[in-house]
Structures are given as structure tokens and as C-alpha cells.
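The structure under discussion appears below in the form of C-alpha cells.
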Amino acid sequence: MVNKQGLWFLTLLSLVLVLTVYYITMPGELLLTNNQNYTDKISREELETKESMEITESDLLASLRVEADDKMMTTLKDLEMVLTDLEATIEEKNNAYEQIKYLNILRGTEEKLEAKVKQAIKKDVFVKMDHDQIKIVVASKDHSYRIANDIMRSIQEEFNHKMYISVKFQV
């Protein structure tokens, strides 16, 4: 025979689970407002204009930044898992810690180089470093060899050893 407390517990637990799943799968617009007619106010014309939007310069660089940040965060989470693993050796933990330090330094260097290039050419840029290779994406319609050369020289001034620098202009 099932006791009453167990039955009530299972009933309430299932209700909480159903509400949680409903809340997670609910569209984001409904969370922004309490008005049920909010979605009715959006006309078909507005939806069509949203679909036909073009990618702008800042969207391209933003997507590159998001992709790089996602990759960095995934790597950092993996390294943190090694640090917190009870069965990992001291050497593995030390290597993970050193890689985390290196990634943080790398991120700081990328941000510093971005600020330097932005200040020099007055355009939005994205900088990605990978050991001795530096990739720079400039959001500009003007493809100028002089600007690319100036960027490469100013970046190389920051380092004591030879860096392989590539500059790409994208709209």
C-alpha cells in the first residue's frame, strides 16, 4: 500500500518538474512582459524585416569574438576539471594551472593589441593569437596595403621575437 506522504511527494515533484520544463522551453519574449498579447503585436512585416537583415561589420567581429570566447571557456572548463579532479597527479594539475595562466595572459595580450590597433587606425578590429601567429581582422571596406603594413609593424614592436602576423579586411 502506498502511503499518503509518498504520494503527495511524488505528485508535487512531478508538478515541479513539469513547470521547470515548461519554463525552460518557453519563448524568451514571454518572459520579458506579463502581457499575453505581446506576441500578437508583432506583425508579419516586422518578422520579415528581421529575417532580411544584413550582417554588418560589428556583427562579423562580434561573432568572431563570441566564437573565440566560447572556445576559450571550453578549454578553461576542461582545465579546471583537471585541477579539481581528485585522481589527477600533481604534475597534471601543475600543467593545467600553467595552461590556465598562459590562456589568461594570452587573452590580456589580445585585448591590449586590439586597443592599440583600434587607436592607430580608428577602425574596429579582432585579434586572435596562437603561439607565434597573430591573425587580425579589420572591419573595413578599404583594403589598403599601407594600413596592413602599419598594423603589422605596430604589432611586431610589442614582441622581442619574430611573430607571424596576418591582416584580413572584411566587410
(message) For the structure I just gave you, tell me whether Ser52 is at pLDDT 80 or above and under 25 Å from the mean Cα position of the chain (by Cα).
(response) no
(request) Kindly check whether there is at least one residue in the range 23-45 that is at pLDDT 85 or above, acidic (Asp, Glu) and over 17 Å from the mean Cα position of the chain (by Cα). (result) no
(message) Consider the range 129-161. How many of its residues are part of a strand (DSSP E or B) and touching a residue at least 40 places away in the same chain (Cβ under 8 Å)?
(response) 2
(message) Could you check the range 108-128 and list, in sequence order, the residues that are part of a helix (DSSP H, G or I), of a type in the set (Lys, Arg) and surrounded by fewer than 17 Cβ atoms within 10 Å (Cβ to Cβ)?
(response) Lys112, Lys118
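The values are calculated or read from the model by the stated rules, or taken from the named source; none is laboratory data. Since the structure is predicted, the reported quantities are computational estimates derived from the model, not experimental observations. With ideal geometry, Cβ positions are generated from the backbone for all residues, glycine too; neighbour counts draw on all protein chains shown.
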